[in-house]
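The values are calculated or read from the model by the stated rules, or taken from the named source; none is laboratory data. Remember, it's a predicted structure, so these values are computed and weren't measured experimentally. Cβ: placed from backbone, ideal geometry, glycine included. Neighbour counts: every protein chain shown. When the accessible area is computed, the model is the full protein with side chains, heavy atoms only, and any ligands, DNA or RNA have been set aside. Shrake-Rupley method; radii C 1.70, N 1.55, O 1.52, S 1.80 Å.
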Amino acid sequence: MNDRNNPQKPFSRRSFIQTAAMTAATLALPGCSRNEKPVLTTLTGDFDPLRSYPYRGWEDFYRKIWTWDKVVRSTHSANCTGSCSWNVYVRNGVMVREEQAADYPRINAELPDYNPRGCQKGGCFTEYVYSPQRLRYPLIRTGERGEGKWRRATWDEALTMVAEKLLDNIYNYGPDTNSFFSVIPAMSPVSFCAGSRLAHYIGGVFLSFYDWYCDLPPGEPLTWGVQTEACECADWFNSKYIVLWGSNISQTRIPDAHFAYEARYNGAKLVCISPDYNSSAIHADLYFRINPGTDAILALGVAKLLIDRNLIDAPYVKEQTDLPLLVLPGTKRFLRESDLKNGGKEDIFYFWDTKQQRAVPTPGSMGSEQKTIQLNGADPALTGTFQVQLAHGNTAEVTTVFELLKKEIAGYTVDRVAERTGLPPNEIELFAKELGTRKPAMIIHGAGTNHWFHNDLSNRSLILLVALTGNTGKNGGGFNHYVGQERIWPEQGFFKLAFPETRKKQRFQNTTLWSYVHSTNKDPHLYNGKPIEWYIQESVKNGWMPLWPKNGRKPRAFVVWRANYLNQAKGNEILESSLWKDLDLIVDINYRMDTTALYSDVVLPAASYYEKVDINSTDCHSYIHPFGKACEPLFESKTDWDIFHALAEKMAEVATRKNLKPFHDDAFDWTRDFTQLAHDWTGKGAIQTDEQAVDFLLGNAEETKGMTYKQIQEKPKRFIATDPESWNSDIEEGVAYTPFKHQLEKKRPWRTLTGRQQFYIDHPWYIELGEALPTFKEPVAEKYPLYWNTPHGRWSIHSTWRDHRAMLRLQRGGPIVYMHPDDARKRGLQDNDWVRIHNEVGHCVCRLQILPGEQPGRVTMYHGWEKYLGFKEGGWQSLTYIKIKPTQLIGKYGHVNFRLNYWGPTGNNRDIKVEVEKAKV
Ligand code: SF4
């Protein structure tokens, strides 16, 4: 600012350069050496810091931006897996900004810490809270669904409408016609439990999410009998060989990527396997630009090299895996006690002990009385064929799973693998050698690999690599899958809050199956000559997968909160024109108008992340920290806890007014008196508030016993224990958490039929479909030329922040599809063209970006764009449809049973193909 009494020339670029040069010259003068105090003689005018200004009020105004009345600790729940603690600064009741709290206690002095933790989305949430997308009042639809015509309603009117409809459905069509959808309890369990408790007390169907989003790695329940088990990210630093397999951590694990990159200073090598040259690949020592959908053949080719070159950890394999177990080649089934003895058990298995030269039962299987896998001096044979005497007197030749595996992968020679994956043979050999010799080694696994139709096969193939090399169960090792914030640490406390009268009395449903069956979605492919409908019918008939509502009835009401079902729904228009049409009532509880809210009938405004009390945890670290109420819920919004509490009260009021008799729910022999619903829902009045719910949850879990909400508002706390019911390692002081130490160090059985890491699944459908062992299958055949790749992006967490002003300014501001220059050239397309992307399912129209890092033969659109956000037509899910994999429908096989979010068909979407052409706009 110029001094009016001493006007100066405007400050030009030339005068800046002159002044800067003079400054440099002055500082370079003799007498201005480092040892002498510099004397500022040359600076005058705007550059003179000693000169006084006549008006300095603006500085004060600027400083006041950074003042606050209070600071409240909170976080975000968008299923980012970050779970980062933030301080929210509040002035005059307005949330003005957030800063990373950066006070996670260290695990030990050697490991890099978790501070500071955050990403650019979290750093601008305060702006989102006050953005135009924010829902302010209850809304009732007046136009067509999706048309955007609403009227403002009172809470009383909206809740009465919902309560009456839910009760009508129960009495007229059955409680299973009311469906409830919410995701990821770990990211805000109290909000989750608010609705799950209501579903529980009214007999509604509770839908899964982790499998539907295809974040569930089905190879883990199959091989390990767990949902997902991964080390916390600090353990990456302990690794000496990190393989980023389909995981772009620089974009999708922003708070944690540093652990992998810092591990390189600790002696680790980094490998990146990804079809595109992405922002994580730039850090890699070895980059594999793999052909899409060929991960399993690479893994099995490497497995063959490890075996052929004797790079396997044989003692580990003999003790920890099913590879030494005996199989009857004729039936392709494991040799069981029932084969050897009349009245023998189906769940006792055998290996060949080379010391005793006979088949001996494996300790630790489901039928074994020994609750250990300790071999007690036995030496199981990995190779060979042996004779055993069967129960009816005949002898039979048996062999090991390892022998069968060697045969299965014999064809995956380096040349074949190189040809199919597009990778150099010598680098595949280098990878195998390093994986077999650098210890510990880990795979960081992501959606890029998991979202394929044959995800179970690729999971199993990758898990095989870290088992053969003896890495699973060790710090710095293993197969670590991070897609979705699915694992809730204080698990037992959560279940007690979510489904209070025990989980056995809840209608659970796999969403992939529900969405397929209740819509006109059709998968045209045949599996072993049969349509998927045949497998679905068999699975439901056998009681392997539940299907609600039963007996061909349709769902009638759908309540969604903390989720964006329609944005993530494969085959968007298919669902809209069938499942959605059949629903009489769609309720969306949300803090912003997203696609699901837009296509709903009643929208209830929810408190945002900074306006409620809750907790947050993730697989990525071993701490718990809270959401805090930086201010009261804005406008007329309420916390999820208060909304469902109010709905329970309203249903009780309606039931009383209508004099509804108690409803006998035959499925559970449960007489439900809805006049008492609010009393039941609040735990007989004991849990009225969010904070009471948090304390109930913390107090009922081993992991958090003794902790209170107030304590974790002070500072994040590390979990104090792990419940042996649900965890596979202890929390150890000073040690980063990694799973399966119970199995490796304490010799506890794995949670599988055989009590070992089970690579052989001898269920009839697996045998019939040729998947008893990990194998490679080509992606599902589709007619079009370009793979449709819709990964997690950098500038949003799914659909959240997709419409944030600041995030849109970091990209081109609307939906874009990335294409390799060669593919663009072939089609005569220029950068920024409007393009029409289409296949037999549907189409969308958006802008094109030409990207040399993209893989030829594939186009990418980062997922989550709302349908109303810049597409000329359609949306990113208009091109997808639901494809159910038959083998993921099995159940009642040892450890493989339907369990919500643990086992059930995944909503895969990577095998989809499209064509792209210039759009007429
Ligand atoms: S959005 Fe997720 S990753 Fe980003 S700061 Fe928030 S919690 Fe952390």
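Points to keep in mind about this one:
- Filtered residues of region 64-79 (kept if in a strand (DSSP E or B) and either within 12 Å of the ligand (Cβ to nearest atom) or open to solvent by 30 Å² or more (accessible area, probe 1.4 Å) (or both)): LYS70, VAL71, SER74
- Top-ranked residue of region 763-794 - restricted to ones that are open to solvent by 20 Å² or more (accessible area, probe 1.4 Å) and of a type in the set (D, E, K, R), ranked as farthest from LYS883 (Cα to Cα): ARG794
- Test: residue in region 467-479 that is open to solvent by 10 Å² or more (accessible area, probe 1.4 Å) and not in a helix (DSSP H, G or I): yes
- Looking at GLN227, GLN251, GLN320, just one residue is farther than 28 Å from ASN79 by Cα and touching a Lys or Arg at 6+ places or on another chain (Cβ under 9 Å), and that residue is GLN320.
- With respect to the conditions (1) in contact with a strand residue (DSSP E or B) (Cβ under 6 Å, 6 or more places away or on another chain); (2) in a loop (DSSP other than H, G, I, E, B), VAL243 falls short on a single one, namely (2).
- Checking ASN459 against (1) open to solvent by 10 Å² or more (accessible area, probe 1.4 Å); (2) under 29 Å from LYS746 (Cα atoms); (3) in a helix (DSSP H, G or I), the condition it does not meet: (1)
- Criterion violated by ILE712 - all others in (1) part of a loop (DSSP other than H, G, I, E, B); (2) in contact with a strand residue (DSSP E or B) (Cβ under 6 Å, 6 or more places away or on another chain); (3) more than 25 Å from PHE349 (Cβ to Cβ) satisfied: (1)
- When residues of region 121-144 are limited to those that are within 16 Å of the ligand (Cβ to nearest atom) and in a loop (DSSP other than H, G, I, E, B), the one modelled with the lowest pLDDT: SER131
- SER799 satisfies every condition listed in (1) hydroxyl-bearing (Ser, Thr, Tyr); (2) within 21 Å of GLY448 (Cα to Cα); (3) away from the ligand (no atom under 16 Å from the Cβ) except (3).
- For region 692-708, the set of residues classified as surrounded by fewer than 21 Cβ atoms within 10 Å (Cβ to Cβ) and either assigned to a helix (DSSP H, G or I) or in contact with an Asp or Glu (Cβ under 7 Å, 6 or more places away or on another chain) (or both) consists of GLN692, ASP695, PHE696, GLY699, GLU702, THR708, listed by residue number.
- Hits in region 80-99 (condition: within 15 Å of the ligand (Cβ to nearest atom) and among the aliphatic types (A, V, I, L, M)): VAL88, MET95
- Selection count where residues are under 22 Å from HIS451 (Cα atoms), of a type outside the set (Val, Ile, Thr) and surrounded by 13 or more Cβ atoms within 10 Å (Cβ to Cβ), scope region 494-524: 10
- The residues in region 100-120 that are surrounded by fewer than 21 Cβ atoms within 10 Å (Cβ to Cβ), more than 24 Å from GLY793 (Cβ to Cβ) and within 16 Å of the ligand (Cβ to nearest atom) can be counted, and the count is 4.
- Some residue of region 665-673 being charged (D, E, K, R) and closer than 30 Å to ILE720 by Cα: no
- Filter pass, ALA199 being within 31 Å of the chain's Cα centre (by Cα), away from the ligand (no atom under 16 Å from the Cβ) and either of a type in the set (A, V, I, L, M) or on the phi < 0 side of the Ramachandran plot (or both): yes
- Among the residues of region 175-215, those that are in a helix (DSSP H, G or I) and among the hydroxyl-bearing types (Ser, Thr, Tyr) comprise THR177, SER191, SER196, TYR201.
- Against the criterion of being in a helix (DSSP H, G or I) and within 16 Å of the ligand (Cβ to nearest atom), ALA163 does not qualify.
- Helices (runs of 4 or more DSSP H) contained in region 345-451 and holding at least 3 residues in contact with a Lys or Arg (Cβ under 8 Å, 6 or more places away or on another chain): 425-437
- Test: residue in region 276-299 that is under 24 Å from LEU744 (Cβ atoms) and either in a strand (DSSP E or B) or in contact with a helix residue (DSSP H, G or I) (Cβ under 6 Å, 6 or more places away or on another chain) (or both): yes
- None of PHE508, PHE494 is within 30 Å of LYS705 (Cα to Cα), in contact with a Pro (Cβ under 8 Å, 6 or more places away or on another chain), part of a helix (DSSP H, G or I) and not acidic (Asp, Glu) except PHE494.
- Any hit, region 223-240, residues being part of a loop (DSSP other than H, G, I, E, B), closer than 17 Å to CYS119 by Cβ and within 16 Å of the ligand (Cβ to nearest atom): no
- Lone qualifier among SER208, SER191 - being within 16 Å of the ligand (Cβ to nearest atom), of a type in the set (Ser, Thr, Tyr), at pLDDT 95 or above and over 27 Å from PHE431 (Cα atoms): SER191
- Among the residues of region 319-343, just one is exposed (fewer than 15 other Cβ atoms within 10 Å of the Cβ) and either closer than 16 Å to GLY894 by Cβ or charged (D, E, K, R) (or both), namely LYS341.
- Taken as a whole, the condition of being open to solvent by 10 Å² or more (accessible area, probe 1.4 Å) and of a type in the set (Ser, Thr, Tyr) does not apply to THR682.
- The residues of region 566-623 that are among the small types (Gly, Ala, Ser), in a loop (DSSP other than H, G, I, E, B) and in contact (Cβ under 8 Å) with a residue 40 or more places away in the chain, listed by number, are ALA569, GLY571, SER578, SER600, SER608, SER617, SER622.
- Among the residues of region 592-623, those identified as within 16 Å of the ligand (Cβ to nearest atom), over 25 Å from GLY875 (Cα atoms) and not hydroxyl-bearing (Ser, Thr, Tyr) are GLU611, LYS612, ASP614, ILE615, ASN616, ASP619, CYS620, HIS621.
- Residues satisfying the stated conditions in region 585-636, i.e. open to solvent by 10 Å² or more (accessible area, probe 1.4 Å) and of a type in the set (S, T, N, Q): ASN590
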